[in-house]
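Shown next, in structure tokens, is the structure this report addresses.
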Amino acid sequence: MLGAGWPARSVERGELFRLYADGLAADVSPDIERVTDRPARSYRQFAADHRDACLASS
């Protein structure tokens, strides 16, 4: 992708999104709940909860 002229930042984001799409970030640490006093949520739930903010920043 870099060879095709894509900015490095875009390539890095694409690689990160691929990890999520492949399910490699599906596990949630129990530390989240211990630190925040709230149950952890999936990336899908986070994205749904912050949909408007994510769309506004793109």
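A25 meets each of the listed conditions (1) touching a Phe, Trp or Tyr at 6+ places or on another chain (Cβ under 8 Å); (2) modelled with pLDDT of 90 or more; (3) among the aliphatic types (A, V, I, L, M) apart from (2). Report, by residue number, each residue of region 30-44 that is at pLDDT below 90 and surrounded by 10 or more Cβ atoms within 10 Å (Cβ to Cβ). Selection gives I32, A40, R41, S42, Y43, R44.
The values are calculated or read from the model by the stated rules, or taken from the named source; none is laboratory data. If you're wondering where the values come from, they're calculated on a predicted model, not measured in any experiment. Note: ideal-geometry Cβ built from the backbone for every residue, glycine included; neighbour counts use all protein chains shown.
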